[in-house]
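Below: one structure, written as structure tokens.
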Amino acid sequence: MKGLIVFDSYFGNTKLVAEAIGEQIRADGHEAVVVSARDGRPWELTGDFLFVGSPTRFGKPSHRIRKFIKKLEVQLWSSKPMAAFDTYMAGTPNDPIASYFIHDKLKEKGFNVRSPPLMCLVTASEGPLAADALDNAKRYTHEFLLTLGK
Ligand SMILES: Cc1cc2nc3c(=O)[nH]c(=O)nc-3n(C[C@H](O)[C@H](O)[C@H](O)COP(=O)(O)O)c2cc1C
């Protein structure tokens with residue numbers, strides 16, 4: 001199967017998470033295409049499953065990721081498995097973060113999105129990621145892949 005991973009990133013941390021997801025997809029025997037939301041028209045790409053990720057900015061994903069979600073075609077992606085991910089800085093437990101925003105928007109459009117989303121902590125605004133973040137991302141991805149076809 002082919003996984004599409006679309007991400008945005010300002011300082012490179014969310015990009016590292018996207019690449020770790022791609023690595024795990026390949027390690028589990030699938031094809032992975034990792035694409036920046038800044039390149040071309042990523043909503044026109046296809047795959048058998050989709051990961052969408054963004055840094056948290058003021059409690060939300062970047063405008064590019066919000067645009068990507070808006071433009072995702074319901075017919076093209078209907079019933080295909082999806083997952084949302086983000087990077088965020090520790091706040092209070094109720095602070096809104098990008099991955100839940102993405103998750104909820106995908107759900108609103110009727111997509112088959114995994115709950116809960118993948119949340120990756122950065123230790124400062126420009127990073128680095130928390131020590132276990134990439135391992136967590138790979139574990140989450142592996143578990144996601146186990147559910148494919150079920
Ligand atoms: C302008 C700005 C706003 C931010 N707002 C939030 C926020 O609301 N909540 C949060 O957890 N982190 C916030 N952060 C921290 C970002 O989540 C962090 O910079 C990002 O995860 C780094 O990912 P990147 O390297 O892929 O850009 C903010 C950072 C910046 C620069």
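Against the criterion of being outside any strand (DSSP E or B), under 23 Å from L145 (Cα atoms) and modelled with pLDDT under 95, S79 qualifies.
Working carefully through the options D86, D95, D135, find the one that is in a strand (DSSP E or B) and either farther than 21 Å from R57 by Cβ or charged (D, E, K, R) (or both).
None of the other options fit; the residue is D86.
Determine if the stretch 70-77 includes at least one residue that is surrounded by 13 or more Cβ atoms within 10 Å (Cβ to Cβ), in contact with a strand residue (DSSP E or B) (Cβ under 9 Å, 6 or more places away or on another chain) and closer than 24 Å to D135 by Cβ. No; the residues of the stretch 70-77 include none that is surrounded by 13 or more Cβ atoms within 10 Å (Cβ to Cβ), in contact with a strand residue (DSSP E or B) (Cβ under 9 Å, 6 or more places away or on another chain) and closer than 24 Å to D135 by Cβ.
All of (1) aliphatic (A, V, I, L, M); (2) within 15 Å of the ligand (Cβ to nearest atom); (3) out of contact with any Leu (no Cβ under 8 Å at 6 or more places or on another chain) hold for A27 with one exception: (2). Residues of the stretch 22-64 that are of a type in the set (V, I, T), assigned to a loop (DSSP other than H, G, I, E, B) and crowded, with 16+ Cβ neighbours inside 10 Å: T56 alone.
Residues in the stretch 65-76 that are out of contact with any Asp or Glu (no Cβ under 6 Å at 6 or more places or on another chain), in a helix (DSSP H, G or I) and either of a type outside the set (V, I, T) or within 13 Å of the ligand (Cβ to nearest atom) (or both): R66, K67, F68, K70, K71, Q75, L76. Among residues of the stretch 4-24 that are near the ligand (Cβ under 7 Å from one of its atoms) and modelled with pLDDT of 95 or more, those with a Cβ under 7 angstrom from a residue that is of a type in the set (D, E) and not in a helix (DSSP H, G or I), sequence gap 6+ or separate chain, pair up as F11/E126; T14/D8. Are there any pairs, at least 6 apart or on different chains, whose C-beta atoms fall under 7 Å, with the first in the stretch 42-64 and within 15 Å of P81 (Cβ to Cβ) and the second among the basic types (K, R) and crowded, with 16+ Cβ neighbours inside 10 Å, and if so, which? From the stretch 42-64, the pairs are D48/K80; F49/K80; L50/K80.
Identify the residue in the stretch 86-108 that is touching a Leu at 6+ places or on another chain (Cβ under 7 Å) and of a type in the set (G, A, S) and, among all such residues, is farthest from the ligand (Cβ to nearest atom). Looking at residues that are touching a Leu at 6+ places or on another chain (Cβ under 7 Å) and of a type in the set (G, A, S), I get S99.
The values are calculated or read from the model by the stated rules, or taken from the named source; none is laboratory data. Because the structure is a prediction, the values reported are computed rather than measured. FYI the Cβ positions are ideal-geometry reconstructions off the backbone, even for glycines, and counts take in every protein chain you see.
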